[in-house]
Structures are given as C-alpha cells and as structure tokens.
1. Before we move on, is residue 65 surrounded by 11 or more Cβ atoms within 10 Å (Cβ to Cβ) and either at pLDDT 75 or above or closer than 24 Å to residue 100 by Cβ (or both)?
2. Looking at the stretch 31-51 only, could you name the residues that are in contact with a strand residue (DSSP E or B) (Cβ under 8 Å, 6 or more places away or on another chain) and modelled with pLDDT under 80?
3. For the stretch 81-93, which residues satisfy the criterion of being over 12 Å from the mean Cα position of the chain (by Cα), loosely packed, with under 13 Cβ neighbours inside 10 Å and either free of Cβ contacts under 8 Å to residues at least 40 places away in the same chain or under 13 Å from residue 46 (Cα atoms) (or both)?
4. Would you mind stating whether residue 141 is closer than 28 Å to residue 48 by Cα and at pLDDT 70 or above?
5. Among the residues of the stretch 94-102, are any modelled with pLDDT under 85, surrounded by fewer than 11 Cβ atoms within 10 Å (Cβ to Cβ) and farther than 22 Å from residue 9 by Cβ?
6. Which one of the conditions (1) surrounded by 15 or more Cβ atoms within 10 Å (Cβ to Cβ); (2) within 16 Å of residue 61 (Cβ to Cβ); (3) in contact (Cβ under 8 Å) with a residue 40 or more places away in the chain does residue 118 fail to meet, given that it meets all the rest?
7. Given the conditions (1) in contact with a helix residue (DSSP H, G or I) (Cβ under 9 Å, 6 or more places away or on another chain); (2) more than 19 Å from residue 24 (Cα to Cα), report the number of the one that residue 70 does not fulfil.
8. Checking residue 130 against (1) touching a helix residue (DSSP H, G or I) at 6+ places or on another chain (Cβ under 6 Å); (2) farther than 21 Å from residue 29 by Cα; (3) in a helix (DSSP H, G or I); (4) modelled with pLDDT under 80, which test does it fail?
C-alpha cells in the first residue's frame with residue numbers, strides 16, 4: 001500500500017528529531033473522558049529548537065488518524081502546538097528515550113496492522129497495541145509504582 005499523502009500542517013522537514021534524550025508522552029484529548037464518543041490519543045515528544053522562545057512548540061507525533069472508516073498512519077510527522085493547549089489535554093509521561101529508541105518506536109508503530117475501513121478499532125486500540133504489545137516488549141516503558149501506604153502517627 002503506498003504511503004498516504006502528508007498532513008498539510010506537517011513541519012517535520014523544518015523541525016526533525018535530533019540526538020537529544022527526550023521525554024515521550026501519551027496525550028489524550030481533553031482533561032478527562034466525558035463517557036461517550038471517541039477520545040483521540042497520540043504519542044508525542046518535543047522537537048522545538050532549544051533556543052526557541054515562541055509560544056508554540058513543535059511536537060513530533062505518532063498517531064492513527066481517527067476517522068471511522070478512513071484511518072491512516074503518518075510518520076514522521078510534526079506539527080505546532082500552543083503551550084496553552086498542553087493544559088487542555090491529559091498527558092502522561094512514558095519516560096525518557098534516546099533517538100534510537102524513538103526511531104524504534106516509530107518503526108514498531110508503523111508495523112502495526114490496521115484496517116483502514118474499520119469502524120470499531122480506532123486510534124485508542126491502535127495506540128494500546130503499539131505501546132503494550134509491541135513497544136514495551138523491546139523498549140521497557142515506565143511502570144506504575146504502587147502508592148506508598150498512608151502513614152498515620154501513633155497516638
């Protein structure tokens with residue numbers, strides 16, 4: 001299957017990934033799930049030049065476009081995101097990764113089979129498969145650590 005056309009807002013050619021160790025996030029649309037409809041999710045990291053003082057940041061993203069019946073995978077892909085929008089979406093750190101590890105993440109994500117015409121299995125299913133069935137096997141992700149038991153003073 002030929003690669004899909006690039007996003008019109010893609011700026012990867014101007015802001016490619018680099019050798020820096022970067023924190024990688026999973027980002028879900030909104031601050032919480034409202035209980036109905038889809039909640040779009042992506043994996044991302046920051047490609048903003050280190051000396052930039054702009055209000056927007058350049059984010060490299062891994063996503064399956066989530067249009068039921070017309071899914072597509074694009075990589076590498078970068079777009080601009082306002083720093084304000086970061087406050088409007090839930091973000092969870094997956095840990096810090098080297099360029100080689102991020103390249104591996106891209107390769108593994110690109111190898112996941114999906115049905116372009118699916119109306120059931122969208123971006124959330126795809127991201128789950130990418131993270132936990134593919135990536136975590138080759139590049140260990142940060143694991144949830146049990147919360148410390150609440151310590152109560154003895155009276």
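1. No; evaluated as a whole, the condition is false for this residue.
2. Those that are in contact with a strand residue (DSSP E or B) (Cβ under 8 Å, 6 or more places away or on another chain) and modelled with pLDDT under 80: 32, 39, 40, 41.
3. 82, 83, 84, 87
4. Considered against the rule, which asks whether it is closer than 28 Å to residue 48 by Cα and at pLDDT 70 or above, residue 141 comes out as no.
5. No, because not a single residue in the stretch 94-102 is modelled with pLDDT under 85, surrounded by fewer than 11 Cβ atoms within 10 Å (Cβ to Cβ) and farther than 22 Å from residue 9 by Cβ.
6. Among (1) surrounded by 15 or more Cβ atoms within 10 Å (Cβ to Cβ); (2) within 16 Å of residue 61 (Cβ to Cβ); (3) in contact (Cβ under 8 Å) with a residue 40 or more places away in the chain, the lone unmet condition for residue 118 is (2).
7. Only one criterion is unmet by residue 70, namely (1).
8. (2)
The values are calculated or read from the model by the stated rules, or taken from the named source; none is laboratory data. As the structure is a computational prediction, the values presented were derived from the model and not from experiment. All Cβ positions, even for glycine, are placed from backbone atoms using ideal geometry, and neighbour counts span all protein chains on display.
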